[in-house]
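Remarks on the structure that follows.
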């Protein structure tokens, strides 16, 4: 079985690669893993793994990645929201043009590949209608979100024609991304985890009452793998799913992190709400993801599990 992962050196992509290498039973029977990204932090010496460095919008790179027929393609590569808004051309080339090129490259296979496409909750726009469910209209406010909707439609159309066997998952805020520039407007949601774990000051750019949708990278990978294993007949009624999420306020997250790392962490937190960020990342209503739940897709289960799944398994600071 040949697995292709685009965006394999990104936060979610690298977590997925680590899972496949560390727990091969996650997708039994795979024999070849092709990784595609702009570059890779560390080399992989596993003979089953081939890492291709370059941009997804390079036709030669994509042709090289697809030289061997692909059984499962995890399409995770994207230019994130903030960067795609600043550089429309780059966002369009990677988020839309390269998605179409990937699907075109897969459509000639004798056996359709399962394509797991990472879409985004940004497709719902803001302010969000209440509640958000499987029938909520899409009102994108960013080019990134519009490009992702187009990607969903392409996956659906290519699947309708029998060229691929695709599923699109609308990912929520996935935490906790490494503390480095990411181009994501929601980066503060991950920064909070690292700052409080380290006992460093954290200036929260939304209010304590701000509510968002949360999922750990570990649970996100669980869902990606589950989507890859679903039987084709399960996807014929629909192919686009909002994932189940935990609906939590910033105050709840901070309470949970203080319970984990010590009440003294609370004094390190201050608030300087930004109206734009509050409007886009602090007013999330409950999300009813009934179609995804019916397929076995899941959220982390609880605030405590979210924190445990998110942060590395190191010796924690005991609560004071």
- [ ] Could you check region 201-313 for strands (runs of 3 or more DSSP E) lying wholly inside it with 2 or more residues that are over 22 Å from the mean Cα position of the chain (by Cα) and surrounded by fewer than 17 Cβ atoms within 10 Å (Cβ to Cβ)?
- [x] 269-271
- [ ] Report whether or not residue 93 is closer than 30 Å to residue 1 by Cα and either without any contact (Cβ under 8 Å) to a residue 40 or more places away in the chain or buried (at least 20 other Cβ atoms within 10 Å of the Cβ) (or both).
- [x] yes
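Rule-based calculations on the coordinates, nothing more; no lab input. Computed from a predicted structure; not experimentally measured. So basically every Cβ, Gly included, is an ideal-geometry build from the backbone, and we count neighbours across all protein chains shown.
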